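Read through the structure below, which is laid out as structure tokens, and then see the notes.
The values are calculated or read from the model by the stated rules, or taken from the named source; none is laboratory data. Because the structure is predicted, anything quoted here is derived from the model rather than measured. Cβ placement follows ideal geometry from the backbone for every residue including glycine, while neighbour counts extend to all protein chains displayed.
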Amino acid sequence: MNTMRFWTLMVGIVSLLALQPTAQQAKPQNAQQVLDRMAQAMGAAQAAKFRSIQVTGTLQYPAQGMQGRFEAFYQSPNKYLLKVTIQGIGEIQQGYDGKVGWEKSPLTGLRELKGAELEQIRQNATMGANNDVRKTLRNPRLQGQEKVGSRDAFVITGQSPTGAPVKLFIDTQRYLPLRMDMQVATPQGKLNTATFFEDYRKVDGVMYAFTTRQQVANIEAVVKIERVRHNAAVSDSIFRKPKN
């Protein structure tokens, strides 16, 4: 599941095209204007009204022949839980309860996140599933335009709250994110990621990318959303660090 969003296993969760023809508006002159139009296109104002968001779907690593499922929960204003079950590995969980970030996996066991990893999961929780990067992107600068596939995109550079470089590509017509390059913190150190957002769809007035492709260290993960639920009943307890 928005980024941007999952962070090391996958990024992000976002979605398509039912906005008014923003191409008729005056061309934006700076990064903040582009980001504001992106937030409008994504339905950020509507997303902010939801108390909780639940996203479920599938995860594939095509080259490795591996697949699995994921379930992500966001609770306003800053709680987050991701569960990923990968065939042959088992279940991996990452959570943030507003203060404590943690991870539990068959590979590393249960551990509390610190430093850049903690800031990273806090960033995921703060952005929420709608990936409103205005909440976390530091020093945004508009650097012109580039192509992402066949689409023209505004290029915005900046830094994450940890100071890691971020490069965001935003469609010049639809104002939806097309790609994000960023650095993520992992137990093995920092890794560069490239995330592509595709198949945008609107759910309750909010846009989500129903397909996200993330490339990390020559490994590609393909994330596909199956269902988005807003204001689902979520217990605070699921975000807390397990006892074992």
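Within the range 202-215, the set of residues being on the phi < 0 side of the Ramachandran plot and of a type in the set (D, E, K, R) comprises Lys202, Arg213. Within the range 216-244, the set of residues being among the aliphatic types (A, V, I, L, M) and on the phi > 0 side of the Ramachandran plot comprises just one member, Ala217.
Residues of the range 100-118 that are crowded, with 19+ Cβ neighbours inside 10 Å and either part of a loop (DSSP other than H, G, I, E, B) or not small (Gly, Ala, Ser) (or both): Trp102, Glu103, Leu113, Glu117. Would you point out the residue of the range 112-137, among those that are modelled with pLDDT under 95 and of a type in the set (D, E, K, R), that is farthest from the chain's Cα centre (by Cα)? By that ranking, first place goes to Lys114.
Looking across Thr186, Thr193, one residue alone is hydroxyl-bearing (Ser, Thr, Tyr), touching a strand residue (DSSP E or B) at 6+ places or on another chain (Cβ under 6 Å) and surrounded by 14 or more Cβ atoms within 10 Å (Cβ to Cβ). It is Thr193. For the range 229-242, the count of residues that are in a strand (DSSP E or B) and either under 19 Å from Ala39 (Cα atoms) or of a type outside the set (A, V, I, L, M) (or both) is nonzero. So for the range 128-137 (the condition being surrounded by fewer than 22 Cβ atoms within 10 Å (Cβ to Cβ) and part of a strand (DSSP E or B)), does at least one residue qualify? No. Restricting Gly68, Gly95, Gly57 to residues that are more than 23 Å from Ala233 (Cα to Cα), modelled with pLDDT of 95 or more and not in a helix (DSSP H, G or I) narrows the list to Gly68.
Among the criteria (1) crowded, with 16+ Cβ neighbours inside 10 Å; (2) under 12 Å from Gln54 (Cβ atoms), the one Glu226 does not fulfil is (1). Of the listed requirements (1) part of a loop (DSSP other than H, G, I, E, B); (2) closer than 24 Å to Thr195 by Cα; (3) among the hydrophobic types (A, V, I, L, M, F, W, C), Ile121 misses just one: (1).
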